[in-house]
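Here is the structure we will look at, set down as structure tokens.
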Amino acid sequence: MLLLQLLVNGLQTGALYALTAAGFSLVFGTTRVFHLAHGSAFVIAAYAFYALSAAHAHWTLALLGAAAAAAAFGVLIDRAVYAPIRRHEGSFFTLFIGSLGTAIVVQNLIGIAFGRSVVAVTTPLSRSTEVLPGVYVAPLAAVAVGCALACFTLLHRFLGSHRGVALRALAENAELVRAYGVDPARLSTLALALGSLLAVPAAALTVATTGANPAMGSHVMLISLAATIIGGVGSLRGAACAGLLLGMAESLSVWVLEPQWSEAATFVALFLFILVRPTGFFGRAHAH
């Protein structure tokens, strides 16, 4: 039954990884900005959800507050950090440094405001019940999978709309997008806001299961990056599948290894994909 328990845990973790990875993939695939501060959006959403829940707000209000905080962060970093760098024709590396600096600032501000220890929200849905002999499942596991399916369905429909098509075209030819009367700067801000919003359900569910701390943004970012590479750069379905794969691999590794080695499974999977299939699940090879 241990294997079945690990599969259930991996499915829950993978669903959360899929959401955060898709958010990073959306931003990078459309704006070509290595959004290292994507993990910061996750942390901001997590602590906003925690703070509102601690103030006895209903979970729906806490979730809406977390979504507003994450989206506001996405808009702010695009307009206050990325846009000025682009106006001065800053390089890819300059944008990377701006994102890194923002992530460090956010981590320290959260640490000052809430402390460095783990915070958590306790709900009745967090309590596991025995569904089979030796297999325990919390209702939040079903919520995590359901949230992932709902978010990806809504995202798929949005990307099929006029605005979504323009967003996907942004990475290919910004000038062509401008020629059709759409401002690339606004599309970039939209991509950052949407990417940040995709991290909100995962952030809230993480606070209600394992808890959150100010430094967890780096882990979220590493998972998102690995999933983007494994899934194929620019492919949202690839990032989703890879996030699920990494969650399963991280959980199942406990079956044969010590728990402290579980995170190493992510990088083993990444290394194997770089060697065997550098373009990822759904990536395309580019001619040079």
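Does Leu26 satisfy being within 15 Å of the chain's Cα centre (by Cα), assigned to a helix (DSSP H, G or I), within 16 Å of Thr228 (Cβ to Cβ) and modelled with pLDDT of 90 or more? Can you show your working first?
Numbers: within 15 Å of the chain's Cα centre (by Cα): yes; assigned to a helix (DSSP H, G or I): yes; within 16 Å of Thr228 (Cβ to Cβ): yes; modelled with pLDDT of 90 or more: yes.
It is true that Leu26 is within 15 Å of the chain's Cα centre (by Cα), assigned to a helix (DSSP H, G or I), within 16 Å of Thr228 (Cβ to Cβ) and modelled with pLDDT of 90 or more.
Yes/no per residue for (1) at pLDDT 85 or above; (2) farther than 16 Å from Asn9 by Cα; (3) in a helix (DSSP H, G or I); (4) open to solvent by 20 Å² or more (accessible area, probe 1.4 Å):
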{"residue": "Gly217", "(1), (2), (3), (4)": "yes, yes, yes, no"}
{"residue": "Met221", "(1), (2), (3), (4)": "yes, yes, yes, no"}
{"residue": "Ser224", "(1), (2), (3), (4)": "yes, yes, yes, no"}
{"residue": "Gly243", "(1), (2), (3), (4)": "yes, no, yes, no"}
{"residue": "Leu246", "(1), (2), (3), (4)": "yes, no, yes, no"}
{"residue": "Ser253", "(1), (2), (3), (4)": "no, no, yes, no"}
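Residues Leu3, Leu19, Leu7, Leu11: which one is open to solvent by less than 30 Å² (accessible area, probe 1.4 Å), at pLDDT below 95 and assigned to a helix (DSSP H, G or I)? Reasoning before the result, please.
Values: Leu3 fails: open to solvent by less than 30 Å² (accessible area, probe 1.4 Å); Leu7 fails: open to solvent by less than 30 Å² (accessible area, probe 1.4 Å); Leu11 fails: open to solvent by less than 30 Å² (accessible area, probe 1.4 Å).
The conditions single out Leu19.
Given the conditions (1) in contact with a Leu (Cβ under 7 Å, 6 or more places away or on another chain); (2) crowded, with 23+ Cβ neighbours inside 10 Å; (3) more than 18 Å from Gly195 (Cα to Cα), and given that Leu26 satisfies all but one, which numbered condition is not satisfied?
(3)
So, restricting to helices (runs of 4 or more DSSP H) that lie completely within the stretch 121-201, which ones have at least 2 residues that are more than 25 Å from His35 (Cα to Cα) and out of contact with any helix residue (DSSP H, G or I) (no Cβ under 7 Å at 6 or more places or on another chain)? Explain how you work it out, then say what you get.
Details: elements: 139-159, 162-170, 174-179.
Counting at least 2 such residues, we get 139-159.
Would you please name the residue that is nearest to Ala202 (Cα to Cα), looking only at residues in the stretch 153-164 that are surrounded by 12 or more Cβ atoms within 10 Å (Cβ to Cβ) and either among the small types (Gly, Ala, Ser) or more than 21 Å from the chain's Cα centre (by Cα) (or both)?
Here the answer is Gly164.
It is to be established whether one or more residues within the stretch 70-79 are free of Cβ contacts under 8 Å to residues at least 60 places away in the same chain and under 30 Å from Met248 (Cα atoms).
Taking the stretch 70-79 and keeping what is free of Cβ contacts under 8 Å to residues at least 60 places away in the same chain, we get 72, 76.
Cutting the leftovers down to under 30 Å from Met248 (Cα atoms) gives us none.
Looking through the stretch 70-79, none of the residues is free of Cβ contacts under 8 Å to residues at least 60 places away in the same chain and under 30 Å from Met248 (Cα atoms).
Within the stretch 29-38, track down each residue that is of a type in the set (A, V, I, L, M) and either assigned to a helix (DSSP H, G or I) or open to solvent by 30 Å² or more (accessible area, probe 1.4 Å) (or both). Steps first, answer last, please.
Filtering the stretch 29-38 for residues of a type in the set (A, V, I, L, M) gives 33, 36-37.
Across the stretch 29-38, the qualifying residue is only Leu36.
List the residue pairs whose Cβ atoms are under 9 Å apart, where the first residue sits in the stretch 104-117 and is farther than 11 Å from Asn213 by Cα, the second is open to solvent by 70 Å² or more (accessible area, probe 1.4 Å) and part of a loop (DSSP other than H, G, I, E, B), and the two are 6 or more positions apart or on different chains.
Once the first residue is farther than 11 Å from Asn213 by Cα and sits in the stretch 104-117, no partner that is open to solvent by 70 Å² or more (accessible area, probe 1.4 Å) and part of a loop (DSSP other than H, G, I, E, B) comes close enough.
May I ask you to list the residues in the stretch 118-142 that are free of Cβ contacts under 8 Å to residues at least 60 places away in the same chain and within 16 Å of Ala202 (Cα to Cα)?
Applying the first criterion (free of Cβ contacts under 8 Å to residues at least 60 places away in the same chain) to the stretch 118-142 yields 124, 127-131, 139, 142.
Listed by number, the residues that qualify are Pro139, Ala142.
Keeping to the stretch 127-152, report how many residues are under 16 Å from the mean Cα position of the chain (by Cα) and β-branched (Val, Ile, Thr).
1
Within the stretch 39-93, restricting attention to residues that are part of a helix (DSSP H, G or I) and of a type in the set (D, E, K, R), which residue is least open to solvent (accessible area, probe 1.4 Å)?
Taking the stretch 39-93 first, the residues part of a helix (DSSP H, G or I) are 39-54, 59-87, 92-93.
Filter again for of a type in the set (D, E, K, R), leaving 78-79, 86-87.
Numbers: Asp78: 3, Arg79: 155, Arg86: 89, Arg87: 168 Å².
The qualifying residue least open to solvent (accessible area, probe 1.4 Å) is Asp78.
Just checking, which of Val182, Val121 is of a type in the set (Val, Ile, Thr), within 30 Å of Asn9 (Cβ to Cβ) and open to solvent by less than 40 Å² (accessible area, probe 1.4 Å)? Walk me through how you get there before you give the answer.
Values: Val182 fails: within 30 Å of Asn9 (Cβ to Cβ).
The unique qualifying residue is Val121.
The values are calculated or read from the model by the stated rules, or taken from the named source; none is laboratory data. From a predicted model like this one, the values you see are computed outputs, not experimental measurements. Ideal geometry is used to build each Cβ from the backbone, glycine not excepted, and the neighbour counts take in all protein chains shown. When the accessible area is computed, the model is the full protein with side chains, heavy atoms only, and any ligands, DNA or RNA have been set aside. Shrake-Rupley method; radii C 1.70, N 1.55, O 1.52, S 1.80 Å.
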